[in-house]
Amino acid sequence: MELTKLTIAETSKKLKNKDISVIELVKSYMQKIEKLNETINAYITICNEGIEEHSKALQKKLDSGDDLPVLFGIPMALNDNIITRNILTTCASKMLRNFIPPYDSAVNEKLRDEGAILLGKLNMDEFAIGNSNENSYFGLVKNPQNFERVPGGSSGGAASAVASGMARFALGSDTGGGIRQPASFCGVVGLKPTYGLVSRYGLVASASSMDQIGPITRNVEDCATVLNAITGYDPKDSTSANIKYPDYTSFLIDDIKGMKIGIHRDYIEKDTNSQVKQKILDACSILESLGAEIVEVSLPTTEYAIAAHYIISSAETSSNLARYDGIRYGYRAENYEDLESLYSKTRGQGFGTEAKRRILLGTYVLSSGHYDEYYKKALKARQLIINDYKKAFEYVDVIVSPTTPETAFKIGEKQDGLHNLYSSNAYTVSASLAGLCAMSIPIGKDSEGLPIGMQLIGKHYGEGTLIKVANKFEEYMQF
Amino acid sequence: MEYEVVIGLEVHAELDTRTKIYCNCTTEFGGEPNTQCCPVCVGLPGAIPVLNKKVVEYAIKAGLAANCSIAKHSKQDRKNYFYPDLPKAYQISQDNSPLCMDGYLDIEAEGKTKAIRIDRIHIEEDAGKLLHSESSNDTLIDFNRSGVPLIEIVTAPDMRSSQEVKAFFEKLKTILEYTEVSDCKMQEGSLRADVNLSVRPRCQKSLGIRTEMKNLNSTRAIGRAVEHEAKRQIEQLEQGLVITQETRRWDDLKYESYPLRSKKEAQDYRFFADPDLCPFVIDDAWIDSINASIPELPDERKLRFTKQYKLPEYDAAYITTSKPLADYYESAAQKSKNPKAISNWIMGDVLNRLKDSSMEITNIPISPENLTKLIDLIDSNIISGRIAKQVFEIMWDTNDEPSVIVDKYELRVLSDSDTIKALVSEVIKDNPKAVDDIKDGKKRSIGFLVGQVMRKTNGKADPQIVNQLLSEEVSKLK
Amino acid sequence: MKVNEDDIRQVAQVSKLALTEDEVKYMMEDLQASFQYVADKLSALDTEHVCDMDQVTTNKNVFRDDVCKDSLEREEILRNASEKENGYFKVPKVMEGN
Ligand SMILES: [Mg+2]
Ligand SMILES: [Zn+2]
């Protein structure tokens, strides 16, 4: 029995029935990491130290027979922009290569309280900027499905770790597709929750108005289980949603008869690769056969989403990355003459190219001479996109599209330039701008065996609906 | 040529909240460096702010007290710039939606009453403190002050002289103290003013080029800096020079200012709404409840004191400039038959004694009740005014009731005629020379004899009776 | 919209990024293309009657009570700093006004 292949529920059951021990379980994941990580490079930090004692302590608790949460003893990993107290948190940047946080993120606290076991911290694009995981100070990550391909990004380490069994689940971060696009490329389930659903306290900011932490899992059921554990109102995050949080696993039993599913025609017709397009149309037929009604929706302003996202996220990023100045933490340049050169050398040497590009662009669009032309205009475009979605959701429950126009590209294939960089996020950025929940689920593979993902976009706090549809689809595929 | 000086103020006041604006660290002054810090206020990666409700309420309270209108919708913005005391490299402030707008304060200066307009009051966070290392040529940073809540109060360029500026600043300070929005301790940096000043020929309509003067930490320094800067600018213009738009720093010891940076290279702060924080909506009910918490303000109180306690305008104005002083006065005056005597005592002995021992009215050892009782003792002729000063000193050290002190030290006025008469006879007998002088018409010697009697009674004898009896006895000798 | 090398240098100066001449050239070309795309796109969008979307959060009036909680230990606040002295963070001499 390969323990790393068990779902969360299966694993939990086996732990509770004493079929397996936490120690065994952790060992099997650690062996997997030992075997694969050298090649895939999904982990920046592996939490070897003390993990055996920790496992033993958890096992002891299990042995006491208490009623424990479902994540108790489940091995998982966190994106390296999620703050972990006393554990190196680098954001995959030279800037933070030695940063040991003196506090904990809200999600890590929650997962620890549940008894989940942190295996390590995951590689990503530096400060979550990028979509290929090639922008990491700690080296690129390989797609476990095909080592010549990128895993996507920014949460490339998270998607590849989960896809290759190096963690049962992972938390990634999504600002414009950072969870969904790598999930699609690696053939796993990735959910970007509604803005405000998961606390951002302790998520190192990239673009604060869009950043969200979300689960990357092997299946929809795991996704719902993890979502239950990490959501909830957090008074330490001003943007946290103060709502009644449902049990997301309760949506796993519902069927989708009579549900209205909108298909985003523009996102299929435009630049989508024909194999991807075909699989999406097939998936829609499946959903139809399961009782859903498929209708076309029109979201004309989503065409402007890339431009708006590029401007708004860069503006926020330029401000969020300003605090890395070599004074209170992080890298400090070796040779500097005065304060000014301390600042500029530290930042010039500490940031990678992509981060610098965003800082320059963001600073530019916020400058007094360009603010109205770019930043303000982008905010207006954002409002129009929100309005479009609002209108569409008057008629449909979920909107589907490909997650990405094409499957995982080759390492080194797309280095520079806005168009290249954004092309694989073309369909994911609009949900980020509108703060909607969106999910990517695997729906098949192309002729080269590369995974294809379908994106499901839901209303604000519509995670349950996404889980419902995704789960029914997954069930169908497994028959 | 005749010049007009045009002055506006930007005042930063630290709010008297328990905790910082965006985190739960204490705002207490004077802690060991970097001991009042957390992930939020040192800007650690991943830490995000949550606004202290008291900050909004205090800002609105200050705004209402300064006759401002309160914004219905407001938000917080990032002001981006690099400086080692600013941990996030942006200050959370308010750009185009200040909480309070379009207020004014009436001031009295140079015998006239004048309204000084307040353009805006907004909330923002304070920065850390920089200091110079003693062991190296470096700068050290303490972030205890980082995140302490501030309001920034910006006036219109409505002031025309140092008197007006000082009057406005004092008035503002009084109001912030009265509303208990700020403790206004200038020596601790709780209240800091920047002066924007320009000059123009009297006939000219448009404003001249202005400078901004920083580092003004007392009302006196503000006055001096204004006079000095006005003079400097006028001299420049007289010499045909152009004023440089710049920021200058005032040195109150050297009595001079020097330029810090030219405004031409002014920074572009790239303001934008902080996505980590939520906008606020301020409804009438909230404003009303804050309004209800505003105490009587100095102008009203002054007016009431002149009516209720029949205080002269001067006394009432003087005492109401400080809320704790006015509170002290009022608790003493309420139970007194002689409220004017209380104001005399407060403006005289009480304030002098406080100054001598460098104390504030808030920790005066004499309770207002006991001050009232002391004055009652004088007014009912139980002790003399001179003895009262002695009693006052003992009260200061013990805070015993004055009557207890009077009994304990036997300080009661001696008014028994027989006893005094006997002492008068003794004195006359012992001082034949003085008696002769009086007979010769040297009236002043009678004072000497009075003094001798008083000395024998340790000053307790009723001087009027002594005087009367002495005159009688001496005239009998004629 | 033309971004030239001086624009890049100026923006780099404001954002305190030391760039090599190669980087300046590269960033200039790259941002030039980016702006071209963004400007072309957005200029085609009519936003005349659209309000600014300042914040995406629908939360309003989120406040904290004015209650003290423990700060971090100074040791923890300072532990990631590369230069410190007597409980302070340390930087090269700050000239007032820079
Ligand atoms: Mg200010
Ligand atoms: Zn703090």
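Every number here is computed from the coordinates shown, using simple stated rules; none is lab data. Bear in mind the structure is a predicted one, so any value in this text is a computation, not a measurement. Virtual Cβ from ideal backbone geometry, glycine too; neighbours counted across all protein chains shown.
How much mean residue ellipticity at 222 nm does chain A get from its helices, if each DSSP H run of length 4 or more adds -39500 (n - 2.57) and you divide by all residues, to the nearest 500 deg cm²/dmol? Please list the in-between numbers first.
On the way: 16 runs with 183 residues, N = 479.
For chain A, the value works out to -11500 deg cm²/dmol.
Taking 11 Å as the cut-off, the amide N atoms of the stretch B:454-478 that come nearer than this to a point 7 Å along the Cα-to-beta-carbon line of residue B:426 belong to B:454-458.
By the rule of a C-alpha distance below 17 Å, with chain neighbours fewer than 8 residues away ignored, the lysines paired with residue B:355 are B:185, B:389.
When a/c reaches 1.5 or more, the comparison of a/b and b/c decides; with that in mind, is the stretch C:41-84 rounded, prolate or oblate per its Cα gyration tensor?
Working: a/c = 7.42, a/b = 2.00, b/c = 3.71.
It is oblate, given that a/c is not under 1.5 and a/b is not larger than b/c.
With only the Cα atoms considered, the stretch B:278-432 has a convex hull volume of 179 Å³ per residue.
List the residues of the stretch B:1-38 whose backbone N lies under 18 Å from a point placed 7 Å from the Cα of residue B:205 along the Cα-to-Cβ direction. Zone members listed by number: B:4.
Only the Cβ atoms of Lys and Arg (+1) and of Asp and Glu (-1) were treated as charged; on that basis the dipole of the protein assembly as shown about its Cα centre amounts to roughly 1380 debye. Rounded to the nearest 0.05, the FRET efficiency derived from the C-beta distance between residue B:180 and residue A:338 at R0 = 45 Å is 0.55. Within the stretch B:119-198, the GluC sites (Glu not before Pro) that combine a DSSP coil assignment with at most 10 other C-beta atoms in a 10 angstrom radius are B:134. Excluding same-chain neighbours fewer than eight residues apart, the lysines reachable from residue B:442 by a Cα-Cα span under 21 Å are B:429, B:433, B:476, B:478.
Would you work out if the stretch A:359-479 is rounded, prolate or oblate? Take a ≥ b ≥ c from the square roots of the eigenvalues of the alpha-carbon gyration tensor; rounded if a/c is under 1.5, else prolate when a/b is larger than b/c, oblate otherwise. Intermediate values should be presented prior to the final figure.
Working: a/c = 3.50, a/b = 1.36, b/c = 2.58.
It is oblate, given that a/c is not under 1.5 and a/b is not larger than b/c.
As a footprinting exposure proxy, order B:130, A:227, A:384 by other Cβ within 10 Å, with the fewest listed first.
On the way: B:130 18, A:227 26, A:384 21.
Ranking B:130, A:227, A:384 by Cβ neighbours within 10 Å, fewest first, gives B:130, A:384, A:227.
Using just its DSSP H runs of length 4 or more, each adding -39500 (n - 2.57), chain B gives a mean residue ellipticity at 222 nm of -12000 deg cm²/dmol after division by all residues.
If you take the alpha carbon radius of gyration of the protein assembly as shown and divide it by 2.2 N^0.38 Å, what ratio comes out, to two decimals? Let's see the in-between values first.
Details: Rg = 37.6 Å, N = 1055, 2.2 N^0.38 = 31.0 Å.
Relative to the 2.2 N^0.38 Å estimate, the protein assembly as shown comes out at 1.21.
Note on residue A:245 and residue B:412: the model spin-label points, each 7 Å out from Cα along the C-beta direction, lie 7.8 nm apart.
Taking other C-beta atoms within 10 Å as the exposure proxy, A:216, A:20, A:327 rank A:20, A:327, A:216 from fewest upward.
Apply the a/c threshold of 1.5 to the C-alpha gyration tensor of the stretch C:11-98 and tell me whether it is rounded, prolate or oblate. Before the final figure, lay out the partial values.
Working: a/c = 3.33, a/b = 1.32, b/c = 2.52.
Judged from the Cα gyration tensor, the stretch C:11-98 comes out oblate (a/c at least 1.5, b/c at or above a/b).
Rounded to the nearest 10 degrees, the angle from helix B:445-456 to the longest Cα principal axis of chain B is 80 degrees. Cross-link pairs exceeding 19 Å in C-alpha to C-alpha distance, out of A:236/B:53; C:16/C:41; A:32/A:414, comprise C:16/C:41; A:32/A:414.
Which residues in the stretch A:272-316 have a backbone N closer than 20 Å to a point placed 7 Å from the Cα of residue C:39 along the Cα-to-Cβ line? Output list for this probe position: A:304-315.
Are any of the pairs B:166/B:307; B:20/B:114; B:75/C:69; A:356/C:90; A:345/C:90; A:270/A:391 more than 24 Å apart by Cα-Cα distance, and if so, which?
Working: B:166/B:307 27 Å; B:20/B:114 36 Å; B:75/C:69 26 Å; A:356/C:90 26 Å; A:345/C:90 17 Å; A:270/A:391 22 Å.
Those over the limit are B:166/B:307; B:20/B:114; B:75/C:69; A:356/C:90.
Restriction of the GluC sites (Glu not before Pro) in the stretch A:342-433 to DSSP coil positions whose beta-carbon has at most 14 other beta-carbons within 10 angstrom yields A:394, A:413.
With both labels modelled 7 Å from their Cα along Cα-to-Cβ, the residue B:268 to residue C:86 distance reads 4.1 nm. In chain C, the DSSP-assigned H stretches of four residues or longer account for a calculated mean residue ellipticity at 222 nm of -12000 deg cm²/dmol, using -39500 (n - 2.57) per stretch and the full residue count as denominator.
In plain terms, chain A is cut at each of the trypsin sites (Lys or Arg not before Pro) found in a DSSP loop with at most 15 other Cβ atoms within 10 Å, and the longest leftover piece is A:19-243. log₁₀ I(q)/I(0) of the stretch A:160-244 at q = 0.10, 0.16, 0.19 Å⁻¹, via Debye over equal Cα point scatterers, no solvent, to two decimals? One equal scatterer on each Cα of the stretch A:160-244 leads to -0.23, -0.58, -0.79.
What is the ratio of the Cα radius of gyration of chain A to 2.2 N^0.38 Å, where N is its residue count, to two decimals? Walk me through the numbers on the way to the answer.
Values: Rg = 21.3 Å, N = 479, 2.2 N^0.38 = 23.0 Å.
Taking N as the residue count of chain A, the ratio is 0.93.
Listed by chain and number, the lysines whose alpha-carbon sits under 17 Å from that of residue B:254, ignoring those within fewer than 8 places in the same chain, are B:214, B:231.
Between residue B:362 and residue B:102, the modelled labels are 3.5 nm apart [label points 7 Å from Cα along Cα→Cβ]. Just to be sure I understand the curve: with the Debye formula and one point per C-alpha of the stretch B:367-478, what is log10 I(q)/I(0) at q = 0.16 Å⁻¹? One equal scatterer on each Cα of the stretch B:367-478 leads to -0.72.
Peptide C:44-52 is shielded by partner chain Cβ atoms: per residue, an average of 5 of them sit within 10 Å of its Cβ.
Extension gain residue A:85-residue A:271, at 0.36 nm per residue separation less the Cα-Cα distance, in nm?
Details: separation 186, 0.36 × 186 = 66.96 nm, distance 4.36 nm.
Taking residue A:85 through residue A:271 to full extension adds about 62.6 nm, to one decimal.
Counting other Cβ atoms within 10 Å as a rough exposure proxy, the listed residues B:142, A:125, C:52 run C:52, B:142, A:125 from fewest neighbours to most.
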